[in-house]
């Protein structure tokens, strides 16, 4: 039986690109031409109601019953939460300060900065860290978007004052090693690896329609956790960005059964703070890959960069960031990073793979999606980044 169990929950809600694209008429309109703030705020309010509130209630019940959680909130979402004065947002922020919750920070823009400029990646992650500190939350760990991990990402995160980083225990990271052991590389922080196989099984159950027989698969997974080899089991789940309320509640019902089974099985939830404070914690070396490995949900970077259209958009993102750097204007660089969100490449993947008939992209409201269609949306993404490059060149260079 492992010495402990930890449940890692990741929350993300992106900023929405302005589609159809518009060109800024003057420098002060540049940011508004990049991000549709009104739509971003509307989707944030929906997230508060449909995701944040039920998850907050679930976690409060579970910590009262003895569970512990490791929680990551993506940079854009965390910034929205800290700015909101709604009851739900304030309640969630107070939960992040709970002694049985360990907070994990991440890059402020949820951008590809780790691929564009590793120093910028460190700066943006430190920005999220400092924002958490200013709100009375001490991040003990850090994670890159999409659980990306490579040698340079690891040592970039090591420059943020955290004690551990989260990675996926996928074969591209572990190379056949057991995910249930504490690892590190050189002088860097601990590497906590998620058990991807069990985590994906839990995710599939949470995505399934609610059923009265949730108790049985929850018991089976809890038994698998108890029989795992290693020092601990990290179960990592990504909360839905925006979903049907009944589906969210059904998923949480299963997760509550699972946490209840873990508690009844007398397995201990890991006190991460106490663990990393132990100077005698055993760890082994984990060699790191030169190219970023992403979470098992995506498999590899080809999910984001494998199609020529995605590569074209990434090339434009790189050009937008480069021209923004020339201005030496921090706000323009921030705007360029908003254009370089992982979500855009994920959106394009879904559009191309589904031929426009798959899952509604979270970047678009239903009425926009029906009106514009797949090819137009992809064209507008290109045009938005091209407009930015032209406007920055005209205004600043």
Item to check | Qualifying residue in segment 104-125 (condition: buried (at least 19 other Cβ atoms within 10 Å of the Cβ) and modelled with pLDDT under 95) | outcome: yes
Checklist entry - In segment 153-166, is there at least one residue being surrounded by fewer than 21 Cβ atoms within 10 Å (Cβ to Cβ) and touching a residue at least 60 places away in the same chain (Cβ under 8 Å)? => result yes
Checklist entry - Of the residues that sit in segment 210-238 and are over 20 Å from the mean Cα position of the chain (by Cα) and under 19 Å from residue 55 (Cβ atoms), which one is modelled with the highest pLDDT? => result 218
Checklist entry - Any residue in segment 87-101 that is surrounded by 24 or more Cβ atoms within 10 Å (Cβ to Cβ) and either assigned to a helix (DSSP H, G or I) or modelled with pLDDT of 95 or more (or both)? => result no
Checklist entry - Does residue 56 fit the bill of being assigned to a helix (DSSP H, G or I) and at pLDDT 95 or above? => result yes
Item to check | Extreme residue, nearest to residue 71 (Cα to Cα), among residues of segment 150-192 that are touching a helix residue (DSSP H, G or I) at 6+ places or on another chain (Cβ under 8 Å) and in a helix (DSSP H, G or I) | outcome: 157
Checklist entry - In segment 64-82, which residue that is over 19 Å from the mean Cα position of the chain (by Cα) and assigned to a helix (DSSP H, G or I) is nearest to residue 128 (Cα to Cα)? => result 64
Checklist entry - If you check residue 134 against the conditions, is it more than 22 Å from residue 269 (Cβ to Cβ), in the same structural domain as residue 82 (by TED's automatic domain parsing), surrounded by fewer than 20 Cβ atoms within 10 Å (Cβ to Cβ) and at pLDDT 95 or above? => result yes
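The values are calculated or read from the model by the stated rules, or taken from the named source; none is laboratory data. The shown structure was predicted, so the numbers you read here are calculated from the model rather than taken from an experiment. Don't worry about glycine lacking a Cβ; one is built from the backbone with ideal geometry, like all the others, and counts go over all protein chains shown.
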